[in-house]
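Shown next, in structure tokens, is the structure this report addresses.
The values are calculated or read from the model by the stated rules, or taken from the named source; none is laboratory data. Everything numeric in this text was worked out from a predicted model, so none of it was measured. Quick reminder, even Gly has a Cβ in these numbers, built from the backbone with ideal geometry, and neighbours come from all protein chains shown.
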Amino acid sequence: MRVPDAVKNSDLSWKEDPFVAGGWLEVDKDTLQHRRYPNVFGIGDLNGTPRGKTAATVKKSIPIVAEYVVDVIAGRTPGQKFDGYTSCPLIVKEGSAMLIEFDYAGNLTPTLPMI
């Protein structure tokens, strides 16, 4: 996971804070809206957020970002906040894994029923 040079070498990347070294996109972690350019939103691996460099994060954040964009265009304040959802497989034995789902705070946020 790395940021494309087009973002990393632009004014869109973080200029201070811990995300500077990676050249990550400077977004608000709750809205995924750029902190200095309100017409820019980020989805995926290029976001400078505390967690969420997974496909699961992208899937969960796309509808939220789409709603934000519509709200911003309409002049409304976005209502929903992104909780930082992400997931990782945890290998429990050869051939078996558990999907661990959690948010920015590290709280478990299961979306699949326990079987």
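Based on what the data block shows, is Tyr85 out of contact with any Leu (no Cβ under 9 Å at 6 or more places or on another chain) and crowded, with 19+ Cβ neighbours inside 10 Å?
Yes, satisfied.
Taking segment 52-66 as the region of interest, how many residues are part of a helix (DSSP H, G or I) and either small (Gly, Ala, Ser) or at pLDDT below 90 (or both)?
4
Return the only residue of Asp28, Asp11, Asp5 being more than 16 Å from Glu101 (Cβ to Cβ) and surrounded by 11 or more Cβ atoms within 10 Å (Cβ to Cβ).
When all the criteria are applied, what remains is Asp28.
Counting just the residues of segment 21-78 that are among the acidic types (Asp, Glu) and within 9 Å of the chain's Cα centre (by Cα), which one comes out farthest from Lys8 (Cα to Cα)?
Taking the candidates together, the pick is Asp30.
Looking at segment 57-75, which of its residues are within 21 Å of Asn107 (Cα to Cα), in contact with a strand residue (DSSP E or B) (Cβ under 9 Å, 6 or more places away or on another chain) and either surrounded by fewer than 16 Cβ atoms within 10 Å (Cβ to Cβ) or not small (Gly, Ala, Ser) (or both)?
Thr57, Lys60
Look at Gly52 and say whether it is surrounded by fewer than 16 Cβ atoms within 10 Å (Cβ to Cβ) and on the phi > 0 side of the Ramachandran plot.
So Gly52 fails the test.
From Thr49, Thr77, which residue is polar (S, T, N, Q) and either assigned to a strand (DSSP E or B) or in contact (Cβ under 8 Å) with a residue 24 or more places away in the chain (or both)?
Thr49
So for segment 31-46 (the condition being surrounded by fewer than 16 Cβ atoms within 10 Å (Cβ to Cβ), without any contact (Cβ under 8 Å) to a residue 12 or more places away in the chain and among the hydroxyl-bearing types (Ser, Thr, Tyr)), does at least one residue qualify?
no
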